[in-house]
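Have a look at the structure below, then the notes.
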Amino acid sequence: MSEAISYEDAWARIDKFDPPAIFDELRKGRPLARMVYPDGHVGWIATSHELVRQVLGDPRFSHDMQIGHCPVTIGGSPIPQFPAEPGMFIHMDPPDQARYRRLLTKEFTVRGVSQLAPAVEAVAAEQIAEMRAQGNTADFLETFAQPLILKVLAPLIGLDYSQRDRFAEAPAVTHDPSIDLQTLMDTMQPVVEFVHETLARKKSTPGDDIISRLIKTGELSDEELANFTLLLLFAGYETTEGALATGTFALLHHTEQLAALRGDLTKIDDAVEEILRYVTVNQYMIFRTALEDVELGGESVRKGETVTVSLPAANRDPAKFDCPAQLDLDPSSAGHPFVKINRTCSTGVKQSRTPGHRTVPGFRSAPVGPGRRSWFRQSRTSDLRSPGLDRDTTGHVAFGYGVHQCMGQNLARLVLRIGLRSLLDAFPDLRLAVPADEIPLRTKQNVFSVKSLPVSWQPLLPHAATATGSHRSGCSRRPNTRQARKPTSIRSS
């Protein structure tokens, strides 16, 4: 058996965008490698895209914390095994997990989330005005990313944003491995009290929010309702904040990619997917435990052994993504699912990764076999009419995979799309206010992000202030004449 790595090796991130270098080494030779966990358990870590999806999609692997081994510590000590609290379904397996999740699924459908767009746009405009009020420099994290997400998420859940000082800091604390257990408990106690106060108020005065609708079902106890509320807040806030902050950091650092996106903001949806793949902020706490012996990646995983899956490593797998270490937002070439353009990565190696395709020098590769005729037919029509990103971003695992895949991903995408587009519309010259290497990072927290992100811009001329945000330079927007559904308002509860 090959020598096991330490959990600290997988925790040794130092770069502002790249996961630990050991993941590249493991993926090449040992995509499923032995790893020693903080409690001494000798389990596994998966670093390839294929194996990560296999583990997350296989019901023979459990997310039950009573049998799992955490790959991180808290306050320097191993996290003990514990049973899931009622309603905390993130640590449950089907059918219990499915029963709880069903109650929330309708809250985060594509159609339902899309109705929030006007309200999200209004909040983004508020935060842009706040940035401008500070002159020509601001901390993007503090002035835009954090308030935007919390102003959207809190009232959607049913939490009073005006009382955010009672709960807003807790998610970051729970994801910080340097915090000791007592500090964590001291932080959580007032949050739990606030949630129960909110539940009592919603029972007597329901609103247009998730908590009120859950209470109306009559299917959940107070403890279950409280844990649902905490789960929605903790899972939704810091992850979306991290993605928006680090995604903006990546854009401002990769100025050529920022210019490519500015050149065609109609490609913002594809850009968001590529940014999610590139930054992948969920770093360490994704793991499953075998319920029986499982053959995986040529290895035998025994019952009771825990497999940590690295989402950042999977999203940098060259077997799935061309030149995965590069952020690629170039909208100049076609984005058909079959399309892979031969190009040279920073390593100097040409890559064409789509299996079953024959490469024509200097041209896009084409499929070999029965699908060849339909591919050429599609290439002549929709593919050439709808140029997209150079990279096919489908299949990334930034939101996980399988039954525990992030149920709030549609909302996260909406906030990222509107947030980024609003910024680029409002600040044509937005830039980092300090060198990229001076941006402080949260490298060891479970959710990767920045501690602050100073940005600057050219102050708006007085006579141009009233026109800000309504037009992009040199082009006007046509009004949308289609019938729209009444949007759900975002307001304090």
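We did not get these values from a lab; they are worked out from the coordinates using the rules stated. Predicted, not measured: the structure shown is a model, and the values here were computed from it. Using ideal geometry, Cβ is built from the backbone for each residue, glycine included, and neighbour counts are taken over all protein chains shown.
Determine the alpha carbon to alpha carbon distance for each of LYS320/LYS451; LYS151/LYS451; LYS28/LYS267 and list only those over 22 Å. Can you show the working numbers first?
On the way: LYS320/LYS451 31 Å; LYS151/LYS451 20 Å; LYS28/LYS267 33 Å.
Too far apart for the 22 Å limit: LYS320/LYS451; LYS28/LYS267.
For the stretch 54-159, just say rounded, prolate or oblate: build the C-alpha gyration tensor, square-root its eigenvalues into a ≥ b ≥ c, call rounded for a/c under 1.5, and beyond that prolate if a/b exceeds b/c, oblate if not.
Values: a/c = 3.11, a/b = 1.68, b/c = 1.85.
Oblate.
Tell me, what is the FRET efficiency for LYS203 and ALA117 to the nearest 0.05, using R0 = 35 angstrom and their Cβ-Cβ distance as r? Walk me through the numbers on the way to the answer.
Working: r = 30 Å, r/R0 = 0.87.
Plugging the Cβ-Cβ distance into 1/(1 + (r/R0)^6) gives 0.70.
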| query | Near THR217, within a Cβ-to-Cβ distance under 15 Å, what is the net charge of the other residues, with Lys and Arg +1 and Asp and Glu -1? | reply | +3
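In debye, nearest 20, what is the charge dipole magnitude of the stretch 11-157 about its Cα centre with +1 on Lys and Arg Cβ and -1 on Asp and Glu Cβ, if you could check?
Numbers: 15 positive and 17 negative charges, 89 e Å.
Result for the stretch 11-157 is approximately 420 debye, rounded to the nearest 20.
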| field | Within-12-Å neighbourhood charge of THR306 [Cβ basis; K, R +1; D, E -1] | value | +1
| Taking a point 7 angstrom from the Cα of ALA319 along the C-beta vector, which residues in the stretch 270-309 have backbone N less than 16 Å away? | 295-300, 309
| request: Excluding VAL173 itself, calculate the net charge of residues whose Cβ lies under 15 Å from the Cβ of VAL173, where each Lys or Arg counts +1 and each Asp or Glu counts -1. | output: -2
| Those residues of the stretch 17-49 whose amide nitrogen sits under 20 Å from the label point placed on ARG302, 7 Å along Cα→Cβ | 32-46
| message | For a test of the definition: using alpha carbon positions, the gyration tensor, and the 1.5 limit on a/c, classify the stretch 70-118 as rounded, prolate or oblate. | response | oblate
